Amino acid sequence: MSGKECFNVLDKIFFPIKKQPIEEIKGYTMKYGHIMEKGEIIDEVLVSYFKEPKSYTTENMCEINSHGGNIVMRKILELCLKNGAELAEPGEFTKKAFLNGRIDLVQAESVIDIINSKSEKEVKTGIKQLEGVLSKRIAEIKQEILDVMVNIEVAIDYPEYDVDDVTNNQILNMLNSVRGKLQKLEKSFDNGKLLKDGIKTAIIGRPNAGKSSLLNSILNEERAIVTEIEGTTRDTIEEFVNISGIPLKLIDTAGIREAKDEVERLGIAKSREIAKEADLVIAIFDSTREFSSEDKEILEIAKTKKSIIILNKMDLDTKIDENNKELVDFKENIIKMSLLTKQGLDKLYEKIENMFNFNEINVDNEVLITNLRQKNLITKALENVQKTEDTINNHQPLDIVAIFIKDILEDLGNITGDVVTEDIINEIFSKFCLGK
């Protein structure tokens, strides 16, 4: 619980072994006792006390540590609510920390990134954001702009002093410097997106080529139905998996062929669309059958993306191999496999690792943008940098130049939450789990 009344609510339901007035209890301490209702013990608990302003929300806070279990937890929650507490909205604790000035918006967003992390590198990036590494970089860029804005304001307020040329040179130098730093941050989103969303991997192929078997083999579980009947997969199946520290968003798709009915037609259309949007396409072929027109269409899709070609069923008599003319463009990325015997899986993992250089992403010494909202604001700031430069080159007056520079500052302020609107704040925190 957090807020002015949290200790009063706690006092009605928590009976410590050693009773003390709240004024005497120090922050960052725990007390042992029981949660009780009408003299009946609900659970044996430890309660942590945090006193304002030294808490997560900067308000008075307490945490009830019980034995857990749905019944006990629900009963304690009901007692809190019955005695004056209110159920928190999604992300409300972190929202309070932001509104009370303990953290900025970048740090607040990093909390949910840490919670939802799918790899160690993503956790590290989230922790760095929480520590304020990106916020500090944004603050440095803003200060660089503000240092020049001082001279601009002087030139506007005191036009009798002929400082336009000096100011314009200062502005152009500043814009060039700011552009370089913002472009570096913007470019880091490519790696940041991989860390956060994983490598979107579409598994495509004809029916019964082995797509679902590949998914099951990678996940090491029977996630997708595998039968000898063609067209078993009618819709996409999505799963996250971590391979050697690399997060993959695997998407098993409907087999590409001439559809037998409307449902299958929609599934196949979705397969083609997902393949176009994927970071990686794994095209799998039944090596016991000659290349068909559908196989050739699949190869055309694979040519437009980073792709790996799997020749499956190599434990049987094969009719195609890496020397087929249709595969000449994929020579370096062909893997022979037998999903029945799991032969070739290690080579697939090694190929993915080499293609994306994921382990070379340096989360210790680089500032990475992992959040699309932040990336879009950096892109917008870069656009305003260009507009400012164009305004100077078109010999516009300084007060017009100043407007565009202030737009850059506003874009950067929106990243950290200095000038963010209430609607954006509510949208960001609505993505959090309850309370948090």
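The values are calculated or read from the model by the stated rules, or taken from the named source; none is laboratory data. Note that this is a predicted model, so its numbers are computed, not measured. Here the Cβ positions follow ideal geometry from the backbone for every residue, glycine too, while neighbour counts run over all protein chains shown.
The figures follow:
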item: Considering residues of the stretch 200-215 that are touching a helix residue (DSSP H, G or I) at 6+ places or on another chain (Cβ under 6 Å) and not small (Gly, Ala, Ser) only, the residue surrounded by the fewest Cβ atoms within 10 Å (Cβ to Cβ); result: Arg206
item: Filtered residues of the stretch 310-331 (kept if touching a residue at least 40 places away in the same chain (Cβ under 8 Å) and either over 23 Å from Ser212 (Cβ atoms) or not hydrophobic (A, V, I, L, M, F, W, C) (or both)); result: Asn312, Lys313
item: Hits in the stretch 335-354 (condition: over 17 Å from Leu250 (Cβ atoms) and in contact with a Leu (Cβ under 6 Å, 6 or more places away or on another chain)); result: Lys336
item: Meets criteria (basic (Lys, Arg), closer than 27 Å to Asp43 by Cα, over 13 Å from the mean Cα position of the chain (by Cα) and not assigned by TED's automatic domain parsing to the domain that holds Gly245) for Lys82; result: yes
item: Ile335 vs. criteria in contact with a Gly (Cβ under 7 Å, 6 or more places away or on another chain), assigned to a strand (DSSP E or B) and either modelled with pLDDT of 85 or more or not charged (D, E, K, R) (or both); result: yes
item: Among (1) in contact with a Gly (Cβ under 8 Å, 6 or more places away or on another chain); (2) assigned to a helix (DSSP H, G or I); (3) over 17 Å from Lys211 (Cβ atoms) - the single one Leu368 does not satisfy; result: (2)
item: Qualifying residue in the stretch 270-278 (condition: hydroxyl-bearing (Ser, Thr, Tyr), touching a residue at least 24 places away in the same chain (Cβ under 8 Å), buried (at least 19 other Cβ atoms within 10 Å of the Cβ) and closer than 30 Å to Ala108 by Cα); result: no
